[in-house]
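Have a look at the structure below before the remarks.
The values are calculated or read from the model by the stated rules, or taken from the named source; none is laboratory data. Treat the numbers as computed from the prediction; the structure is a model and nothing was measured. Cβ placement follows ideal geometry from the backbone for every residue including glycine, while neighbour counts extend to all protein chains displayed. SASA here: full protein model, heavy atoms, side chains in, ligands and nucleic acids out. Shrake-Rupley method; radii C 1.70, N 1.55, O 1.52, S 1.80 Å.
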Amino acid sequence: MLDIGAQIGFFALHLGNAVGRCGHVYAFEPDPRPIEYLKVSLAASEMGWVQIRPIAISAKEGTVPFFLSPVFGWSTGVKNTHLTGLRKIIVPTIPLDLMVERGEIPDKIRLIKIDVEGFEMEVLRGMRKTLETVQPILIVEINSEMLAYQESSPAELLRFLTSLGYRIFTTHLCPLSHLATQETIDVLCLPRGK
């Protein structure tokens, strides 16, 4: 299981409890500040099967400017946003497909949570092959305003996922029929047949 945009690890810790010692959880977070909190939580919980990866999942391998927000959870790889007080750092990036190809992440991925403050399309483009072949369940935050700063939209994100055979539901398991332009929502994405 993967937590992309792990922050302080709320979701990663829950996944770690769910899979137990026989499973693996990979927590991806390029912001170095919340990683320290996550390390403390993992040590206290003795969850050696949850691994922290201080890297941004993206469509390309390399580096990207990353903007640290004074508010945890609002740091982003999206530039020129409405967010204030940001400090720029450079973080490494890698496509998930490349990590799977290299064997750095097992190809038996069952669930991926993505919450990356408007950088979701970059993340999804970097895992296209995995989505096509492995077909993990996805939980994705859709933040219309942040996607717009990245020259993307909820419609583009939903088209991308449905083109790969995913059915999109609200987290209340209602089929998603429309998305208000200013709404932020988490969606559950199930591959056909699951």
Reach of residue 108 by Cα under 17 Å, taken over aspartates and glutamates that are not fewer than 8 positions away in the same chain: 3, 97, 132
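Any idea of the accessible area per residue across segment 55-149, 1.4 Å probe, to the nearest Å²?
Per-residue value: 46 Å².
With a Förster radius of 30 Å, plug the Cβ-Cβ distance of residue 156 and residue 17 into 1/(1 + (r/R0)^6) and report the FRET value to the nearest 0.05.
Working: r = 34 Å, r/R0 = 1.14.
With a Förster radius of 30 Å, E is 0.30.
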Top mean-square fluctuation among 37, 166, 26, Gaussian network model of the chain, C-alpha springs under 10 Å? 37
Among the lysines, which fall within straight-line cross-link reach of residue 88, defined as a Cα-Cα distance under 27 Å, with same-chain neighbours fewer than 8 residues apart omitted? 39, 60, 79, 113
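For the chain, what does the alpha-carbon gyration tensor say about shape, rounded, prolate or oblate, given a ≥ b ≥ c as the root eigenvalues, a/c under 1.5 as rounded, and a/b over b/c as prolate?
On the way: a/c = 1.43, a/b = 1.05, b/c = 1.36.
Rounded is the answer for the chain, as its axis ratio a/c remains below 1.5.
At 1.4 Å probe size, with the rest of the protein present, what percent of the exposed accessible area of the chain is carbon and sulfur atoms?
Details: 5330 of 9670 Å².
Answer for the chain is 55 percent, counting heavy atoms of protein chains only.
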Residue-wise, which Karplus ³J(HN,Hα) couplings in Hz belong to segment 4-17, taking 6.51 cos²θ - 1.76 cosθ + 1.60, θ = phi - 60°, and x for glycine or proline? 9, x, 6, 6, 7, x, 3, 6, 4, 5, 5, 4, x, 5
